[in-house]
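Okay, here's the structure, questions in a sec.
The values are calculated or read from the model by the stated rules, or taken from the named source; none is laboratory data. All values derive from a computational prediction rather than experimental measurement. All Cβ positions, glycine included, derive from the backbone under ideal geometry; neighbour counts span all protein chains shown.
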């Protein structure tokens, strides 16, 4: 059944400061031509994905498309306030207290309630046992996932975040569960989508909801794990998923809203983080603004492809330099390839992304936070040989900076034993 772009509303939000790739715009327009598509929105963090763009929202009628959600179903953010005070801690102290938190959680850290939830998730997902799920619970994963301790450096709306407390931002998803769900449906139905009401759509949505639940539980356990290591209590500030498909009404029609790297604007406060060397912004969506499909950017958005990062950065920076930032914050990451792939230079300017949303009248600023310690994966045991050449360390953007000490830990980068495939 044919479909014309004339039937679909396509809109891109980006000011003249936002880097926007032609390939991402092409993917957006191609996806807008899928059967049943009514609206496609590119947000300022829009960038090319694997066939479909990231940083986008799509509304369809009569069909839903698992591929638009992607493999990391339920990926999202959770922001917490800790009891730690910025002036009484440092990146090196925090790194030492955390050590390596990549492995399986100890049995006592998983409550009976959490085990019951995992059993329910396993039954609904029908792909992994509860024991396999628990082995990956509380683990961050790879790619752009992280857990970051942050300091408030600007407050626009008093009473929402406490500037006298360190905050914890967790970005992670459903680990290998979401990717297994996507693979199963793509193998069975290719990329043509699923007709609303069919058994295949019902099965996918049940598994999708199970992955959402696991991702939320996973972020909570990452936060609890870090809080225990840092000996602090946590107060939840916000929690959101940015990879999902949900029933939605738009333009008077009932259908499905797909978000791939798109933060919901209809669920309260949001946080939009930049790269590990940039700010994070807490924002309040403006009620009644639906032109962006009730969606917002989920981050800065990539500027460079992962495969290009090492070649661009290695001649200019050592690993030691890339494990520091312009703020003097530290980065804990045992995966050398990931250090390059997730460098600040590989991402857009998050301030420009947020400015676009403010200028469009979609959000108002609440607070801005800067990184203190970014945890991604383990810790490097030894500096690279190139770091021994006597070059003065820089902060990852070319500015002079001081070296930071990192906690030693077991370097693995592998899936926890018995757990899900790494996503």
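When the stretch 22-39 is examined, which residues are found to be outside any helix (DSSP H, G or I) and surrounded by fewer than 17 Cβ atoms within 10 Å (Cβ to Cβ)?
Listed by number, the residues that qualify are 33, 35.
The rows are residues; the columns are (1) touching a helix residue (DSSP H, G or I) at 6+ places or on another chain (Cβ under 9 Å); (2) more than 24 Å from residue 255 (Cα to Cα); (3) modelled with pLDDT of 95 or more.
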| position | (1), (2), (3) |
| --- | --- |
| 4 | no, no, no |
| 24 | no, yes, yes |
| 29 | yes, no, yes |
| 43 | yes, no, yes |
| 52 | yes, no, yes |
| 64 | yes, no, yes |
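Those residues that are in contact with a strand residue (DSSP E or B) (Cβ under 7 Å, 6 or more places away or on another chain), surrounded by fewer than 23 Cβ atoms within 10 Å (Cβ to Cβ) and within 30 Å of residue 225 (Cα to Cα), I need them from the stretch 162-210; list them, please.
Across the stretch 162-210, the qualifying residues are 162, 163, 165.
Right, next: Which of the following residues is closer than 19 Å to residue 66 by Cα and either assigned to a helix (DSSP H, G or I) or under 13 Å from the mean Cα position of the chain (by Cα) (or both): 215, 227?
215
Just wondering, is there one or more residues in the stretch 136-147 that are touching a strand residue (DSSP E or B) at 6+ places or on another chain (Cβ under 8 Å), surrounded by fewer than 16 Cβ atoms within 10 Å (Cβ to Cβ) and touching a residue at least 24 places away in the same chain (Cβ under 8 Å)?
Among the residues of the stretch 136-147, not one is touching a strand residue (DSSP E or B) at 6+ places or on another chain (Cβ under 8 Å), surrounded by fewer than 16 Cβ atoms within 10 Å (Cβ to Cβ) and touching a residue at least 24 places away in the same chain (Cβ under 8 Å), which makes the answer no.
A further question on this structure: Would you point out the residue of the stretch 289-308, among those that are in contact with a helix residue (DSSP H, G or I) (Cβ under 9 Å, 6 or more places away or on another chain) and buried (at least 21 other Cβ atoms within 10 Å of the Cβ), that is farthest from residue 145 (Cα to Cα)?
Applying the filter and picking the extreme gives 292.
In addition: May I ask you to verify whether residue 58 is under 22 Å from residue 183 (Cα atoms) and either under 24 Å from the mean Cα position of the chain (by Cα) or surrounded by fewer than 23 Cβ atoms within 10 Å (Cβ to Cβ) (or both)?
When the stated conditions are applied, residue 58 passes them.
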